[in-house]
Amino acid sequence: MKLLSSKPGALLLKTLWVYLGLSLLLLILPIHWLAPARGAALWPFSLAQRVLFEGTAPIEEFPDRLTRLWGRAGREQELQNEVAKLRAQLAAEGERRRSAEMRLAQMDCLTPELQKRTVLSRVIGYDASPVRSSILLDRGAGQGVSRGAAVLCSGALAGMVASVTPLSARALLLDDPACKVMVRCERSRVMGVLEGGGGGSCLVKYIASNADLLPGDLFVTSGMDSLPDGVLVGVCTEAGGDSGEPLKWVTVRPSVDASQLEHVAVVIKPPAREGGN
Amino acid sequence: MRWATWALLLAAALLAQAGPLARHLPPEVRPDPVLLLALFAAARAEPAEALGFCWLAGLGRDLFSAGPFGEYALLYLAAGAGMIQIRRLLEPRLPVVQAASAFLAYSFIEGICLGTTLLASGNRHLASQAGALISGALVTAAAAPLFCWGVGLFARPLGLNRRRWAQAG
């Protein structure tokens, strides 16, 4: 208290109040007001992350090359360099081929209708918070990505786009607590709302307690929200019993392993028809 | 405090946090370099500037998270203010103090984030994430002395005064 009544203490208190006010203001302001500023601030970071992700391969090879350079001499050295160079080229080609195959695989898993409406995107960042689960994509509004768009991986739903900037987009993964998707059991046609449960698991809520659900049942999108109909979401792992309560919830494991995401397909809105209703 | 150097360090920490660390490590064993940098600033820089830096670091975390914008800024500000008070009582260069303050700050910030997310979503199953948070806090605490030592080597480029602020004030 002695500190706060002193001169630097008063300055400190004043600074604290200013930043406190700013933070509260940011929390109170509507999300759509802040979205442009947030997008603009994220833009240089998304560029840097793109460079970081694409530039890590040569850095990983660097110590190996350095060892080779110092370990041998003369012709042997040149030959080794040549071999290393060819290996690096081969590895780069292999990586490019694998990347292209992965991108093609994303398209192969989609129905012809969806193939026409998807844009392939690379994952360039993850969520910094351990509580949340989201990814940063290298495609944004400029490529037709919009808020609420489905993010697919190997034909299954990985998440949905939560915010868009001109060159990037942030997508909530299915296990994020803010992610909510209308789903339907593929076998019994029971419908519910899938919510992220954190830690790679999800819950399907608002199901009648006597609903016919079994572990192993597949859940697909219902098509009643902005997402396409019939896309695989996950597998029921715990169906629960009839507890006497009017509603129950079941546990679902998402089909897409978020830790393995490298390339995803984002479903874009079909172009508006001229003169349509 | 040289803001350009601090901003560069913050950008690097943010990129590492949302890039390689988040990609390769699960939340249970992932240290939080942004928080460590903010705490280091709160422990060593001029208090008013340190508060500003903590707020900016939190704002940076908000940019890289899907949560409400401003939430981390507020929490980092609170953690920074707490650290400024702690450094008046304890020597912030002691590894034990660094580890303990990192543990407390991580638990406080991520605990409140988890609590608000839990309240906002009404999803009580999220409480099971508390274990992961404690584990993450322990890893961050373990990394704190090494991190502070590493960043402390650049005291001059960071514009840090060798004299303790509490003594100066």
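Numbers for the structure displayed
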| item | result |
| --- | --- |
| The stretch B:3-160, Rg to Rh (Cα coordinates; Rh as Kirkwood inverse mean 1/r) | 0.95 |
| Bins of 5 Å from zero: percent of alpha-carbon pairs in the stretch A:140-277 | 2, 11, 20, 22, 18, 12, 8, 5, 3, 1, 0 |
| Cα radius of gyration and Dmax for chain A (Å) | 24.8, 82 |
| Unit charges on C-beta of K, R, D, E only; dipole of the stretch B:1-62, Debye | 160 |
| Heavy-atom accessible area, 1.4 Å probe, ligands and nucleic acids excluded: residues of the stretch B:55-72 down by at least 50 Å² from chain alone | B:Trp55, B:Leu63, B:Phe64, B:Ala66, B:Phe69 |
| Selected from A:Gly155, A:Leu20, A:Gln143, residue furthest toward positive end of dipole (the protein assembly as shown; charges at beta carbon) | A:Leu20 |
| Test item: Cα-centred dipole of the protein assembly as shown, Lys/Arg +1 and Asp/Glu -1 on Cβ, debye | 1560 |
| Anchor A:Lys205: aspartates and glutamates whose Cα lies under 20 Å away (excluding residues fewer than 8 positions away in-chain) | A:Asp175, A:Asp176, A:Glu186, A:Glu195, A:Asp217, A:Asp225, A:Asp229, A:Glu238, A:Asp242, A:Glu245 |
| Accessible area expressed per residue, the stretch A:132-277, with surrounding protein chains retained (probe 1.4 Å, Å²) | 43 |
| Extension gain (nm, one decimal) between B:Leu146 and B:Ser128, 0.36 nm per residue minus Cα-Cα | 3.5 nm |
| C-alpha long axis of helix B:95-121 to longest principal axis of chain B, angle in ° | 30 |
| Relative contact order (%) - criterion: Cα under 8 Å, at least six apart; region: chain B | 30 |
| Protein accessible area in chain A, 1.4 Å probe - carbon and sulfur % | 61 |
| With DNA, RNA and ligands ignored, accessible area of B:Arg2 (1.4 Å probe; Å², nearest 10) | 130 |
| Selected from A:Leu167, A:Leu203, A:Leu24 as most flexible by GNM, with chain A as the system and alpha-carbon contacts under 10 Å | A:Leu24 |
| Under the span-like rule (Cα at least 27 Å along the axis, Kyte-Doolittle mean at least 0.5), DSSP H helices of chain A | A:7-28 |
| Shape call, the stretch A:88-138: gyration tensor on alpha carbons, a/c limit 1.5 | oblate |
| Set of aspartates and glutamates with alpha-carbon distance to A:Lys14 below 20 Å, sequence-local pairs under 8 removed | B:Glu46, B:Glu49 |
| Accessible area in square angstrom per residue, chain B, 1.4 angstrom probe | 41 |
| Accessible area in the full protein assembly, largest first, 1.4 Å probe, for A:Glu76, B:Glu71, B:Glu110 | A:Glu76, B:Glu71, B:Glu110 |
| Dipole in debye (nearest 20) - chain B, about Cα centre, beta carbon charges: Lys, Arg +1; Asp, Glu -1 | 520 |
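The values are calculated or read from the model by the stated rules, or taken from the named source; none is laboratory data. If you're wondering where the values come from, they're calculated on a predicted model, not measured in any experiment. Note that each Cβ is placed from the backbone with ideal geometry, even for glycine, and that neighbours are counted across all protein chains shown. Only protein heavy atoms, including side chains, enter the accessible area calculation; ligands, DNA and RNA are left aside. Shrake-Rupley method; radii C 1.70, N 1.55, O 1.52, S 1.80 Å.
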